[in-house]
């Protein structure tokens, strides 16, 4: 039982995360201050929501690289529309609109993937360019700093604040609740609904899923629409926290997100992955990229270290399965004593 | 309860003018084990698909449980209790045993929420019915082929199967696993479930069937109680001709062994194996799964590392540490799983044949000469009588027996001196099988040394002049063909304790000449 626990990628990533925290904290005690942790939570929120979406796609045996384009498209378009109609209301309306745009774009992915059975990587590479090009050319390419009031105030929407010894007030941003909610919903969906199990089934063997009578088109439509929704919401959070709508943002992060998800145990080949592993993978990458500066590693080295972590993290399970394959095949009979 | 579960009457089906089934009638009673026997292309698969509701017949009547069906759909078939276990089992490798057993049932009753307690209960109950224990939480990917099959059977039972159709169920199983499967099938029978067992392995049919229906070219040849059948009759019914296989008659030709294996060991694979192979010999290597027979072959071909011992070819010690070096020493290996290891399925027959010797087919300027390529391939197609209308067709369009010939041609093209054949006729039907055996014997007569790895007892006896028996990683015996018959070899193979006199150490390493 214990052995099984330790052979899991989740455990490995969790332990690495704890060790990393202890090392960084020992070198620089600032790491353990609430301010740093609130910062980490804030940074992990957008990546985390993206990563849950990526997890679901990976489990189904697909891959989506268009979610960043969906996120920036939804966020920027929502900002432009809200500015034009002079919307005065609060943030929920922004999330609703951005999420709805995300769903529509996700359905475009789903249409090509489910209806025509095209490879998911090719479709989403195409739609990434398509969405982004359309956004820059048709909707706008300028950075919008003059935000609608509801969105402008969002960066100050803290759950609570604390004032530390030096008199600096820091707060935990409410956006983290989205991540918590998305994680819980995804966990319940994947583990306890037939829809969720059909996603695992599809990722395990498409042919077996078809023979069992799963409605694969329906499952795929759900997956890509859901990823679109998550991307729309995450994009809006991103814009709100940064207090600007920049149509050049976000795209380019997709590989980091996919890497964090794979680091957390999701299989590129489909059929495997868990919400808890994904969250741990995201936390590990976030701590790496936010905290190296605390231990005096120049920020230019961060990319190198993250790259190394990702390669090591994904190599470990591969090496382990190679080892398992090389295990003794035959239980050799001992020679009788002479 | 009626005493007939399924009845098909006067079923006919044609595809684009080809008559796949012609006036076939079949009656299956509850708790009956009915074997469906025929060579590849005889119409077996079409018949299964009709019963499963996947294919609609052109003519004929289907009655299940007394209900006539004009157009049977797959959903109807499942609802009436018909379950098909395909050759690949259609399992989900990433899900647990318990979930694989329960998932399809949960889906068919339109469940939206998964109750894990119930999933385990369903799985446990089904495993209990067939009297088998499996780890419920193990991923299906990590269990053996035989266990996967049991999972598929349980899944069928969970869905209240009244008739389970098993398509070539034993292809990937060892003798011992087949015994265990037959026990399970009898347990299933005890539950009142009928089994339609599709096979072309004669011994199995004779052993398990209550009734057997033999079809050939889409027509029923005979549908009788199995008690009225024997091996010869079955072969005759299946192929329409009498197949008499002559044993391989080896005459020693040269004074020096081709291959000598001396105290060879590979950690975790096999230990202290010594034997020799003479030109023109066909030596069988047999043993149960896990005996090390395949591992020995893989070591000789440079796939698995050797720790100790020596390999000599023509009396000279050689180092074989990679596939490349094995090939350089004239060793060829035809794998058991030709589909994934031996062939480029989507590529043409021509290309598959010449792939190993493509360097020798260049014309002017170092470019590939298509004319020479086709010529070379045509020659092999003729020599091995590969049946195809067009050598440009992909290899996957061929039957199992013909695919195996393409793999053979591929290796023969590179003129090996030692040929290792792992399960040369796995998944090949009776007619093709004896033709393949003839090809193997002819190759040996030309002076190639051949190792045949197999647990097909009649095959070993027909093809080999010597047989090595492996058990738990060691050579447990070496026998001249003339010392053995089917019963003796079967009991040697399934015996768990070593043969009484330590035959392996006392017998000479060379074939008995005389």
Could you please give the count of residues in the range B:162-188 that are at pLDDT 90 or above and under 21 Å from residue B:8 (Cα atoms)?
5
Got at least one residue in the range B:476-489 being in contact with a strand residue (DSSP E or B) (Cβ under 6 Å, 6 or more places away or on another chain), buried (at least 20 other Cβ atoms within 10 Å of the Cβ), modelled with pLDDT of 85 or more and closer than 25 Å to residue B:327 by Cα?
no
Selected residue [within 14 Å of chain A (Cβ to nearest Cβ) and closer than 24 Å to residue B:448 by Cβ] from B:343, B:304, B:277:
B:304
Within the range B:133-154, does at least one residue satisfy the condition of being closer than 19 Å to residue A:207 by Cβ, part of a strand (DSSP E or B) and facing chain A (nearest Cβ under 10 Å)?
yes
Of these, A:87, A:73, which one is in contact (Cβ under 8 Å) with a residue 12 or more places away in the chain and assigned to a helix (DSSP H, G or I)?
A:73
Can you name every residue in the range A:170-198 that is surrounded by fewer than 20 Cβ atoms within 10 Å (Cβ to Cβ) and outside any helix (DSSP H, G or I)?
A:170, A:171, A:172, A:174, A:193
Test result for residue A:201, in a helix (DSSP H, G or I) and under 14 Å from the mean Cα position of the chain (by Cα)
no
Against the definition (touching a helix residue (DSSP H, G or I) at 6+ places or on another chain (Cβ under 7 Å) and under 30 Å from residue B:260 (Cα atoms)), how does residue B:373 come out, yes or no?
no
Of the residues B:227, B:209, only one is away from chain A (no Cβ under 14 Å) and surrounded by fewer than 17 Cβ atoms within 10 Å (Cβ to Cβ); which?
B:227
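To keep it simple, each residue is scored yes or no on (1) surrounded by fewer than 22 Cβ atoms within 10 Å (Cβ to Cβ); (2) out of contact with any helix residue (DSSP H, G or I) (no Cβ under 6 Å at 6 or more places or on another chain); (3) within 13 Å of chain A (Cβ to nearest Cβ).
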{"position": "B:266", "(1), (2), (3)": "no, no, yes"}
{"position": "B:282", "(1), (2), (3)": "no, no, no"}
{"position": "B:300", "(1), (2), (3)": "no, yes, no"}
{"position": "B:312", "(1), (2), (3)": "yes, yes, no"}
Please work out which one of (1) closer than 25 Å to residue B:197 by Cα; (2) touching a residue at least 12 places away in the same chain (Cβ under 8 Å) is the condition residue B:94 fails and give its number.
(1)
Scanning the range B:314-326 for residues that are surrounded by fewer than 20 Cβ atoms within 10 Å (Cβ to Cβ) and in contact with a strand residue (DSSP E or B) (Cβ under 9 Å, 6 or more places away or on another chain), the one nearest to the other protein chains (Cβ to nearest Cβ) turns out to be B:323
Taking the residues in the range B:333-343 that are in contact with a helix residue (DSSP H, G or I) (Cβ under 6 Å, 6 or more places away or on another chain) and at pLDDT 80 or above as candidates, determine which candidate is farthest from residue B:301 (Cα to Cα).
B:343
Those residues of the range B:435-473 which are at pLDDT below 90 and within 14 Å of chain A (Cβ to nearest Cβ), in sequence order:
B:471, B:472, B:473
Check on residue A:62, surrounded by 20 or more Cβ atoms within 10 Å (Cβ to Cβ) and outside any helix (DSSP H, G or I):
yes
Of (1) more than 14 Å from chain A (Cβ to nearest Cβ); (2) assigned to a loop (DSSP other than H, G, I, E, B), residue B:288 satisfies all except one. Which?
(1)
Can you find even one residue in the range B:238-260 that is free of Cβ contacts under 8 Å to residues at least 40 places away in the same chain, assigned to a loop (DSSP other than H, G, I, E, B) and buried (at least 20 other Cβ atoms within 10 Å of the Cβ)?
no
Counting only strands (runs of 3 or more DSSP E) entirely within the range B:26-125, those with at least 1 residues that are buried (at least 23 other Cβ atoms within 10 Å of the Cβ), within 14 Å of chain A (Cβ to nearest Cβ) and touching a helix residue (DSSP H, G or I) at 6+ places or on another chain (Cβ under 6 Å) are B:82-85
Scanning the range A:249-276 residue by residue, the ones that are more than 14 Å from residue A:53 (Cβ to Cβ) and within 14 Å of chain B (Cβ to nearest Cβ) total 8
If you check residue A:206 against the conditions, is it within 12 Å of another protein chain (Cβ to nearest Cβ), in contact (Cβ under 8 Å) with a residue 60 or more places away in the chain, within 30 Å of residue B:85 (Cβ to Cβ) and surrounded by fewer than 22 Cβ atoms within 10 Å (Cβ to Cβ)?
yes
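The values are calculated or read from the model by the stated rules, or taken from the named source; none is laboratory data. This one's a predicted model, so the numbers in the text were calculated from it and none came from an experiment. Heads up, the Cβs are rebuilt from the backbone with ideal geometry, glycines too, and the neighbour counts pull from every protein chain shown.
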